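The values are calculated or read from the model by the stated rules, or taken from the named source; none is laboratory data. Treat the numbers as computed from the prediction; the structure is a model and nothing was measured. Cβ coordinates were reconstructed from backbone atoms using ideal geometry, including for glycine residues, and neighbour counts include every protein chain displayed. Ligands, DNA and RNA are stripped out before the accessible areas are found, and what is left, the full protein with its side chains, is counted by its heavy atoms. Shrake-Rupley method; radii C 1.70, N 1.55, O 1.52, S 1.80 Å.
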Amino acid sequence: MKNAFTKALHDGYRKLLRHSKYRWIVVLGTLLYLVSPLDISPDVFPIIGWIDDGLIATLLGDELRDLSDQQC
């Protein structure tokens, strides 16, 4: 079960992606976050550093899949 902070973060991310005005800004920002050495948990720390990137990439992929399913 998600805690309140995680749920709010996920809902906010989903809402921004569903808004056509901000969609590509959020996608590009997410991709920039993934390649940037500055993030919540730097990739210098093995496994822990990769987990946050994996979660963000999974979230982006899931939301883009949902958007494409809705448009079909």
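Quick look at the numbers
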quantity: Total charge dipole magnitude, the chain, about the Cα centre, Cβ charges on Lys, Arg, Asp, Glu only, Debye to nearest 20; calculated: 380
quantity: For the chain: accessible area per residue (Å², 1.4 Å); calculated: 77
quantity: Helix 4-18 vs. the chain, principal-axis angle (Cα, 0 to 90°, nearest 10); calculated: 50
quantity: Full-stretch length increase - residue 4, residue 48 - with 0.36 nm per residue and alpha-carbon distance subtracted; calculated: 13.6 nm
quantity: Most positive-pole-ward Cα, 64, 33, 49, against dipole of the chain from beta carbon charges; calculated: 64
